Amino acid sequence: MTSQAETVPTWHEDKLSFSRLWYIVLVVPIVAALAFVIFQPVQVLPRIELAPGYSLVDQHGNRFTSEDVRGHLTLYTITYSHCGAGCPETSATMRTVQTAVNELSLGDLPTAFVSISIDPTRDTPERLAEFARQVGADGENWRFVTGDPSHLKQIIGAGFGTYYDATQADAIPFDPIYVLVDGWGIKRAVYRTGAPDLETLQRDFMLIAREVENSEGVNRFAYEAAHLFLCYPS
Amino acid sequence: MSVSEREVKRTAPAVESTATQPARPARARRLPYWIPISVLALAVLLGGLLWWIWPPTLHGVVLQSPRPTADFTLDTSAGTPMSLSDFRGKYVLVYFGYTYCPDVCPITLNDLRDLADELGEPAMQDVQVLFISVDPQRDTPEQLATYLPSFHDDFLGMTGTVEQIQPVASQFAIFFEAQGGPDDAGYLVDHSSAVTLVDPQGRMRMVFPYGVSGAEMAADLQYFMRRSLRFW
């Protein structure tokens with residue numbers, strides 16, 4: 001009988017397995033959460049705010065609206081075709097970015113590039129088509145658009161939050177800006193510079209492409225958790 | 001007395017009793033009752049906390065860093081002009097459409113009615129649906145007042161001039177363009193279709209693309225309502 005009693009573990013001995021339970025219940029999730037935060041296996045760009053809705057005219061003379069790029073990862077900038085010496089060369093930068101992005105492996109995610117002219121008086125569709133040819137734009141997914149001056153001011157000033165002075169007759173001063181907008185129409189990155197870092201842009205395109213790829217199933221939780229708990233890349 | 005002697009004294013009676021008392025200790029060797037109870041209580045507490053704050057599979061797209069929505073004032077189906085800021089303290093669901101819209105708008109308004117039914121009357125006290133017209137030529141306040149009650153009595157219509165509505169629509173990522181004018185019978189208005197959730201602080205929090213059902217929107221809204229509760 002004594003030997004039978006000795007085979008039954010006392011509760012002090014059970015403490016060992018009980019502490020294992022604690023490890024499973026508390027320590028493992030905490031360590032996993034810390035590892036997730038420290039090593040950041042998932043990176044995401046912030047969902048900043050809604051990009052403006054618009055209806056404009058492109059270089060082919062066709063209506064071009066914010067709905068036409070829904071589902072596309074779109075890079076916007078502003079320009080005008082008479083932009084001369086000293087003017088931010090946003091079109092040259094866009095061409096470089098377009099070439100670089102075309103080399104990325106973005107899966108099935110379609111991309112688009114939109115240059116909005118702030119000079120609707122001179123930038124007719126014909127003029128924009130000529131300008132697109134001059135800068136070597138791939139006209140299929142790079143559109144040059146313009147529209148009604150007050151609507152433009154609404155889109156660029158209030159929507160994209162940058163300054164330009166359309167009252168100037170020849171050289172229109174403006175603060176260069178590039179805005180990356182996802183397929184939901186949400187701004188994901190804003191680059192307030194005339195020459196954004198190409199590697200950063202490529203990284204940001206890739207981050208959104210990966211997020212879109214993993215937007216279904218269990219992986220979605222990891223990405224949503226990253227939005228909630230992780231710092232965004234700078 | 002050395003440490004080992006103290007250990008011997010402490011353990012000696014237990015050894016004796018084991019030796020003299022026959023096999024009883026099955027009960028005595030169990031874990032103290034408070035341990036499983038406390039583990040269970042902790043598990044329930046943690047589970048409840050997670051259920052409270054953990055995002056469900058949301059159907060809309062969350063804006064993580066919500067910014068204040070620019071205020072606007074428009075004529076309403078209630079007969080007086082009203083502003084977005086008049087609804088501060090409520091969840092506002094903003095939808096752009098027009099009363100002559102043949103398909104998308106009535107479908108979305110039906111979804112919003114389903115949302116209202118799903119949430120129920122008490123919760124709807126904290127929710128306001130705004131239907132902003134993209135066809136101000138035909139959608140007068142009176143027209144909106146006639147049209148909207150067929151979906152829900154509490155839906156509020158808003159209208160104004162194209163110049164007034166354009167900037168409002170643009171900030172909600174909505175474009176619209178009439179495919180005709182007063183002289184064209186039954187012209188259509190092209191427009192984006194999405195429902196945007198503005199929180200009680202006046203910030204855009206979520207976008208529901210076209211096709212999200214009323215029950216799904218209600219589930220997302222209930223999540224925000226749960227998270228906004230405070231006990232202090």
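Every residue, every condition in (1) within 22 Å of B:Asp190 (Cα to Cα); (2) more than 15 Å from the chain's Cα centre (by Cα), yes or no:
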position	(1), (2)
B:Thr99	yes, yes
B:Asp103	yes, yes
B:Thr108	yes, yes
B:Met124	no, no
B:Val129	yes, no
B:Ile132	yes, yes
B:Pro136	yes, yes
B:Thr146	no, yes
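For the stretch B:150-201, residues that are small (Gly, Ala, Ser), within 13 Å of chain A (Cβ to nearest Cβ) and in contact with a helix residue (DSSP H, G or I) (Cβ under 8 Å, 6 or more places away or on another chain) total 4.
Taking residues in the stretch B:193-211 that are under 14 Å from B:Gln64 (Cα atoms), and partners anywhere that are surrounded by fewer than 16 Cβ atoms within 10 Å (Cβ to Cβ), the pairs with Cβ atoms closer than 8 Å and at least 6 places apart or on different chains are B:Asp199/B:Ser228; B:Arg203/B:Arg67; B:Arg203/B:Pro68; B:Met204/B:Arg67.
Cβ-Cβ distances below 7 Å connect the following pairs, each with a first residue in the stretch B:95-117 that is without any contact (Cβ under 8 Å) to a residue 60 or more places away in the chain, a second residue that is surrounded by 21 or more Cβ atoms within 10 Å (Cβ to Cβ) and among the charged types (D, E, K, R), and a separation of six or more residues or different chains: B:Thr99/B:Asp139. What about B:Arg29, is it at pLDDT below 95 and either in contact with a Leu (Cβ under 9 Å, 6 or more places away or on another chain) or of a type in the set (D, E, K, R) (or both)? It is true that B:Arg29 is at pLDDT below 95 and either in contact with a Leu (Cβ under 9 Å, 6 or more places away or on another chain) or of a type in the set (D, E, K, R) (or both). Every listed requirement among (1) away from chain B (no Cβ under 14 Å); (2) touching a helix residue (DSSP H, G or I) at 6+ places or on another chain (Cβ under 7 Å) is met by A:Val44 save one, (1).
Among the residues of the stretch B:173-187, write down those that are farther than 13 Å from B:Ser133 by Cα and surrounded by 12 or more Cβ atoms within 10 Å (Cβ to Cβ).
Initially, the stretch B:173-187 is screened for residues farther than 13 Å from B:Ser133 by Cα, giving B:173, B:179-187.
Scanning the stretch B:173-187 gives B:Ala173, B:Gly180, B:Tyr187.
In the stretch B:150-232, counting only strands (runs of 3 or more DSSP E) that sit wholly within it, the ones holding 3 or more residues that are under 30 Å from A:Leu56 (Cα atoms) and under 13 Å from the mean Cα position of the chain (by Cα) span B:194-198, B:204-209. Annotation note: of A:Thr146, A:Thr162, the sole residue that is in contact (Cβ under 8 Å) with a residue 60 or more places away in the chain and surrounded by fewer than 19 Cβ atoms within 10 Å (Cβ to Cβ) is A:Thr162.
Checking the stated criteria, A:Gly194 turns out not to satisfy the condition of being touching a strand residue (DSSP E or B) at 6+ places or on another chain (Cβ under 9 Å) and part of a loop (DSSP other than H, G, I, E, B).
The values are calculated or read from the model by the stated rules, or taken from the named source; none is laboratory data. Because the structure is predicted, anything quoted here is derived from the model rather than measured. Quick reminder, even Gly has a Cβ in these numbers, built from the backbone with ideal geometry, and neighbours come from all protein chains shown.
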